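Asker: Before anything else, here's the structure in question.
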Amino acid sequence: MSPLNYLEKLMVSTELLVPPRSFDDKTYDQRRPLRETTTTVEYQAAPMPAGLAEDAPFYVAWKHKWDRGTYSKLDIALTMVVFLYVICWTLQYYTYFLRWNENRSDIEGFVTMHDPVLMLLSPGDYSIALFMLAYGSVSIGFYHARHMPELIIEMLQTKTFVIWVRMVALYLVPLEAPVGTIPLIDPIAGGDGIVLMRDLFFSGHTATTFVVFLVVRRQNVLWKSFFFVLALTTAILVMLQKTHYAIDVYAAPFFVYTCNSIVYDLRVACQAACPPKPKLD
């Protein structure tokens, strides 16, 4: 799929200029593709359970999902297990991998790229702003989706997938830091005092903010526009700091979009195979 195809599909699916679905709109299902409107799945059709107030405790929505059937119970249980697995093993292995990648000896050397975009920029230190953008977008994303278990679960699953894909990308594309780079200080990723300079392809900060945008993009137009601005700002700042090559930033949305599409399609397929139990009158 070409970049233009990706962009066209992304813009159509995000509907940045089209208001979100109204549940009273009887013509919606006739205008939208099956992927987004199938009534047996109800994956994205209900951002919040009917009758649940926005100020209601978040656990009410999770209980609502839990009571919907076997698949919903498995979905929550397995995702929480995976989440614990992520913080207990995947992130630990990811941290070890990033440090190994800094001084890997299985290759003759790292490649320094000629980047015409970075040559036009004067570097500046935006470490604090990038830290707030990356971790702030995740925190705000979770807060926004506190009543929407489907979004939180999709976000966790997508982020896990992206971590593993990024490790493969870093292994296959060993790049030296751009000329004139200003080290990006991350209090969490570099909590042990090690500054990562070869953590390049593809941009992790851009990927993180883009994950949140992709998951929220089917919801309220203001929220998805807000997260799009955060992702775009992150992409610009990592290049202004010369922390990444332009190709690192350019490639990140494509990898994240592919990971999210796979996660989304698998979730829709699973729910179609095991639909929620019908409500009892």
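Where a number appears in this text, it was derived from the coordinates with a stated rule and is not lab data. In this text the structure is predicted, and so the values were computed from the model without any measurement. Cβ coordinates were reconstructed from backbone atoms using ideal geometry, including for glycine residues, and neighbour counts include every protein chain displayed.
Asker: Can you work out the FRET efficiency for the pair residue 106 and residue 78, with r the C-beta to C-beta distance and R0 = 30 Å, to the nearest 0.05? Show your work: numbers first, answer last.
Answerer: On the way: r = 35 Å, r/R0 = 1.15.
That pair, residue 106 with residue 78, gives E of 0.30.
Asker: PRE reach from residue 113 (point 7 Å along Cα→Cβ): which of segment 196-210 fall under 13 Å by backbone N?
Answerer: From segment 196-210, the list is 199-204.
Asker: With a cut-off of at most 10 other beta carbons within 10 Å, and DSSP calling the residue loop, which GluC sites (Glu not before Pro) in segment 107-200 qualify? Please list them.
Answerer: Answer in residue order: 108.
Asker: Let me ask another. Modelled label-to-label distance, residue 229 and residue 176, 7 Å Cα→beta-carbon offset: nm?
Answerer: With each label placed 7 Å out from Cα toward Cβ, I get 4.0 nm.
Asker: Between residue 220 and residue 132, take the C-beta separation as r, use R0 = 35 Å, and let me know the FRET efficiency to the nearest 0.05.
Answerer: 0.95
Asker: If you count, for each residue, the other Cβ atoms within 10 Å and average over each peptide, how do 258-269, 118-129, 157-168 line up from highest to lowest?
Answerer: Going from most to least packed, we get 157-168, 258-269, 118-129.
Asker: A follow-up question, please. For segment 138-153, what does the Karplus curve 6.51 cos²θ - 1.76 cosθ + 1.60, with θ = phi - 60°, yield as ³J(HN,Hα) per residue in whole Hz, taken in order and with x for Gly and Pro?
Answerer: 5, 5, 5, x, 5, 5, 4, 9, 4, 9, 10, x, 4, 5, 5, 5
Asker: If you don't mind, another one. Determine, for each peptide in 132-138, 181-187, the mean count of other beta carbons within 10 angstrom over its residues, then list the peptides with the highest first.
Answerer: Numbers: 132-138: 18.6, 181-187: 16.3.
Result, highest mean Cβ count within 10 Å first: 132-138, 181-187.
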